[in-house]
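To keep things clear, I will list the structure first and then write my remarks on it.
The values are calculated or read from the model by the stated rules, or taken from the named source; none is laboratory data. Only a predicted model underlies this, so the values are computations on that prediction, with no experimental measurement involved. Note: accessible area is taken over every heavy atom of the protein model, side chains too, but ligands, DNA and RNA are not part of it. Shrake-Rupley method; radii C 1.70, N 1.55, O 1.52, S 1.80 Å.
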Amino acid sequence: QVQLVESGGGLVQAGGSLRLTCVVSGGTFSSYFMGWFRQAPGKERDSVAAVSWGGSRTYYADSVKGRFTISRDNAKNTVYLQMNSLKPDDTAVYYCAARRGIQSGRASDYDYWGQGTQVTVSS
């Protein structure tokens, strides 16, 4: 049973920073392509960032490029999302996801999901 547990969300003022953490258990972490998604009320779940198995390749949504950084530590079965210069539009529930395959920006392509962590950015 693969489980993903996110943490690190919260309330922050615009311009502030947060770091999200996702710990994966029950599987072979290094074999998963990892992604972060977010979903605001009434909107679809969108890809924010993704990282390859070894961490050498990263992918970002245009809306977060230059502000967010995804990374992973395979020794700790953990993936991170460092979020800087946060904006009110970044407010959403953030989800960690794992995929047994190559990179994809589609939520439907991911096999395992965390429960989500709320990020709220005030203006």
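So what is the accessible area of the chain per residue, in Å², with the probe set to 1.4 Å?
On a per-residue basis, the chain sits at 50 Å².
Using the Kirkwood formula on the Cα atoms of the chain, what hydrodynamic radius do you get, in angstrom to one decimal?
Taking every pair of different Cα atoms in the chain, averaging 1/r and inverting gives 14.1 Å.
Would you tell me the accessible area of Lys65, worked out with a 1.4 angstrom probe on the heavy atoms of the protein chains, in Å² to the nearest 10?
Accessible surface of Lys65 is approximately 120 Å².
If I stretch the segment between Ser108 and Gln39 completely, what's the gain in nm (0.36 nm per residue apart, minus their alpha carbon distance), one decimal?
23.5 nm
Ignoring everything but the protein chains, give the 1.4 Å probe accessible area of Asp62 in square angstrom, nearest 10.
Using a 1.4 Å probe on the heavy atoms, I get roughly 130 Å².
Run the numbers on the chain and let me know its relative contact order in percent, using alpha-carbon pairs under 8 Å that are six or more apart.
36 percent
Using a 1.4 Å probe and ignoring any ligands, DNA or RNA, find the accessible area of Arg45 and quote it in Å² to the nearest 10.
80 Å²
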